[in-house]
Amino acid sequence: MKFTFIEKKMAPSGSLRAYAEKKVSKIDRLFRTESEANVTFSTMLYTLNTPFLFANMDGSEQDVFSISHEFGHCFAMWQQLKTGSHSEGRSMDVCEIHSQAMQLLIFPYYEIFYGDQAQVARRYDVYTMAAGILTAALNDEFQEKIYNDPTVTAEQLDELYYQLAQEYGLVVSSPYVDANTFAKSWFTTNQYFDTPFYAIDYALSACVAMQFLQLMQQDEETALQLYHQLVQQPSDLDFLSVLQAVGDGKTLRSPFEGGQLEALAEQLQAFLDGDGQQLEQVA
């Protein structure tokens, strides 16, 4: 199984066109210009029985990364339509494997988008995803501490956030951001207020999705078949059950498995230190 890029114009039905125009015009009113924000999302249009992907591309390096992420969600939705299994019952840590694995599965096509800078883009995107795991872990530990102490003060929150950021190696060093300003930056993360403990789903799923990077190096065709098998799993399966159902049950390793995070870190370091192509097997 291979992905094939073709130039094709779709003639949407009148109802789909009307729905899309209504939604896009509503979103467009939020921004004064097209380049003011990079907004990409996907959802299921149940009345039309079809996935919908919206992308406001701004010409930045995030364009390909963002749209491939949402395309992973859409591809999973298409497969769920075939089996009659809807995404509402699926846990977020499973859904985000679909999206983040797709971000890596399109690596062989990066020359189409980036030309002679494709290798740089691959390494940058792997680094971004790996850094996202650390950020999500920081967010989760920060939330656990503050929700267990309802008497914590704003000053203590600043101190705790800065301390954890130092431990995770995520303190921003810049002439424009001093330590005091950075310590207060936790306040800009809206997930702390509206969706607590949500970010850790991205970390768990990324730890699984990034295994597809190694699988692609070993056998691209097999990696794509395993991904296809992944997105076809029933929506009522939990995170660990999904991993056990793919391949031989040991193909995708759980981040809770002893030594797996250390092995993954070594593999990613080898990729980043190399030429962006070879990923060595780490026992």
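Structure summary
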| item | result |
| --- | --- |
| Any pair with Cβ under 7 angstrom, 6 or more apart, that starts in the range 217-236 at a residue that is free of Cβ contacts under 8 Å to residues at least 40 places away in the same chain and ends at one that is of a type outside the set (Gly, Ala, Ser) and part of a helix (DSSP H, G or I) | Thr222/Leu215; Leu226/Leu215 |
| Qualifying positions in the range 65-119 - assigned to a loop (DSSP other than H, G, I, E, B) and modelled with pLDDT of 90 or more | Ile106 |
| Residue check for Tyr161: within 27 Å of Phe256 (Cα to Cα) and over 22 Å from the mean Cα position of the chain (by Cα) | yes |
| Cβ-Cβ under 9 Å pairs, at least 6 apart or on other chains, the range 98-126 side more than 19 Å from Val231 (Cβ to Cβ), far side at pLDDT 90 or above and among the basic types (Lys, Arg) | Tyr110/Arg122; Tyr114/Arg122 |
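Each row is one residue, and each column tells you yes or no for (1) outside the structural domain of Leu134 (by TED's automatic domain parsing); (2) surrounded by 15 or more Cβ atoms within 10 Å (Cβ to Cβ); (3) of a type in the set (S, T, N, Q); (4) farther than 15 Å from Ser99 by Cα.
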residue: Thr188; (1), (2), (3), (4): no, no, yes, yes
residue: Gln211; (1), (2), (3), (4): yes, yes, yes, no
residue: Gln217; (1), (2), (3), (4): yes, yes, yes, yes
residue: Gln233; (1), (2), (3), (4): yes, yes, yes, no
residue: Ser241; (1), (2), (3), (4): yes, no, yes, yes
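Table: residues versus (1) among the hydrophobic types (A, V, I, L, M, F, W, C); (2) in a helix (DSSP H, G or I); (3) touching a strand residue (DSSP E or B) at 6+ places or on another chain (Cβ under 7 Å).
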site: Cys207; (1), (2), (3): yes, yes, no
site: Gln214; (1), (2), (3): no, yes, no
site: Ala223; (1), (2), (3): yes, yes, no
site: Tyr227; (1), (2), (3): no, yes, no
site: Leu230; (1), (2), (3): yes, yes, no
site: Pro234; (1), (2), (3): no, no, no
site: Leu240; (1), (2), (3): yes, yes, no
site: Gln244; (1), (2), (3): no, yes, no
site: Gly247; (1), (2), (3): no, no, no
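The values are calculated or read from the model by the stated rules, or taken from the named source; none is laboratory data. Keep in mind the model is a prediction, meaning the values are calculated, not measured. Virtual Cβ from ideal backbone geometry, glycine too; neighbours counted across all protein chains shown.
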